[in-house]
Amino acid sequence: MEPKPIEEADHFDDSAALNLPHPKTRWWLPPSISTFGPKIDQLFFIILGITSVIFIGVQVTLLVFLFRYRARKGVRAHYTHGNNRLELIWTVIPAIILVVLTVLSQKVWREVRGEIPQNAVPIQIEAEQFAWNVRYPGPDAVFGTADDVTTINQLHIPVGKPVRVRLTSIGKEGKHAVIHSFFLPDFRLKQDVVPGMAIDIWFEATRTGKYEIACAEFCGLGHYRMRGFLSIHSPEGFNAWLKEQATDVM
Ligand SMILES: [Cu+2]
C-alpha cells in the first residue's frame, strides 16, 4: 500500500497501520519519505543505469568474441600487442564517469552528512541489546533532567521539520555495549551506533505515518527482535503527543 500523503493524513492517529512494503513491490525500494531520499534514489538510478548498460555491453561483446574467434581447423591464433587508442578510450571514459559520479555524490553526501539544520528537533537514542531507548529533553529543553520524556522502541517525530538524533550504544544490566546500526529504510538513512561514540544524524520526513526502525548490524542473539517504530505526526500532533508524555512523567 502506498503510504498516505501528508494532505490526507495530517492528523496522525496512533492506531494508524504500519507502512510495510507491498507484497508485489517489496523486492524493490520502498517509497522514500525523507527530504534527501529522492536525491539518493536518483543517484542510485543513475549508477544502476550506467552499470546495467556496461554489464550488458560486456556480456554481448564476450559472446560475440567467443563465437567469432572460436577454434577452427586451419585457422592459426593471432597475436596482438593491443591497441593504444582503444585502451585510451576505455580508460578515459570510465574516469570521466567516476569523476561525474563523485561530484554528484558529494553534493548529496554534504547535505545528508554535513551541517545539521539549526532548528532540528533534538532527540537522543541509546541502543542496547536489544532495544532503542528514545529520549526527548522535555519542557525544559535540557537532556538528563527529571522532565525528560523517554520511550522504548517508539520514536515520534513531526513531519516537515528536521530532526537531530544523537546515537550512542550502552550496556545495561550486564549486557554489552556493542555495535548496532540505526536503519530507516524509508528515509534511505543508515548509521552505525558505536560504543564510546556519540554520532549525530539528521533527517526530515515528508509525510506522516508509521514506519519501521531496524537494527542493521548483527548485535547478538536478540538482533532479530531489535525493531522499533517511527511515528510521524503533524507538527500539532507531535506537540500534543509530547505534552501528553510529559504530563505522564510529572
Ligand atoms: Cu542491534
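The values are calculated or read from the model by the stated rules, or taken from the named source; none is laboratory data. Because the structure is a prediction, the values reported are computed rather than measured. Glycine also receives a Cβ, built like all others from the backbone with ideal geometry; neighbour counts cover every protein chain displayed. In case anyone asks, the SASA skips ligands and DNA or RNA and just uses the protein heavy atoms, side chains included. Shrake-Rupley method; radii C 1.70, N 1.55, O 1.52, S 1.80 Å.
On the basis of being of a type outside the set (Val, Ile, Thr) and within 29 Å of Ile179 (Cβ to Cβ), does Glu87 make the cut? When the stated conditions are applied, Glu87 does not pass them.
Considering only residues that are within 16 Å of the ligand (Cβ to nearest atom) and touching a Gly at 6+ places or on another chain (Cβ under 6 Å), which ones fall in segment 178-224? If the condition is that a residue be within 16 Å of the ligand (Cβ to nearest atom) and touching a Gly at 6+ places or on another chain (Cβ under 6 Å), then Ile213 is the only one that fits. Annotation note: of Gly160, Gly144, Gly74, Gly138, the sole residue that is open to solvent by 70 Å² or more (accessible area, probe 1.4 Å), at positive phi and out of contact with any Leu (no Cβ under 6 Å at 6 or more places or on another chain) is Gly74.
Taking the stated definitions as given, is His233 crowded, with 18+ Cβ neighbours inside 10 Å, within 12 Å of the ligand (Cβ to nearest atom), within 23 Å of Pro21 (Cβ to Cβ) and not hydroxyl-bearing (Ser, Thr, Tyr)? Quick ask: steps written out before the conclusion?
Numbers: crowded, with 18+ Cβ neighbours inside 10 Å: yes; within 12 Å of the ligand (Cβ to nearest atom): no; within 23 Å of Pro21 (Cβ to Cβ): yes; not hydroxyl-bearing (Ser, Thr, Tyr): yes.
No: the conditions fail for His233.
Of these, Ile123, Ile96, which one is part of a helix (DSSP H, G or I), out of contact with any helix residue (DSSP H, G or I) (no Cβ under 6 Å at 6 or more places or on another chain) and at pLDDT 95 or above? Reasoning before the result, please.
Numbers: Ile123 fails: part of a helix (DSSP H, G or I).
Matching residue, one of Ile123, Ile96: Ile96.
Quick check, is Lys243 surrounded by fewer than 16 Cβ atoms within 10 Å (Cβ to Cβ), part of a strand (DSSP E or B) and not β-branched (Val, Ile, Thr)? Give the derivation first.
Working: surrounded by fewer than 16 Cβ atoms within 10 Å (Cβ to Cβ): yes; part of a strand (DSSP E or B): no; not β-branched (Val, Ile, Thr): yes.
Spelling it out, it is not the case that Lys243 is surrounded by fewer than 16 Cβ atoms within 10 Å (Cβ to Cβ), part of a strand (DSSP E or B) and not β-branched (Val, Ile, Thr).
Is there a residue in segment 99-118 that is assigned to a strand (DSSP E or B) and either open to solvent by 40 Å² or more (accessible area, probe 1.4 Å) or farther than 20 Å from Ile232 by Cα (or both)? No.
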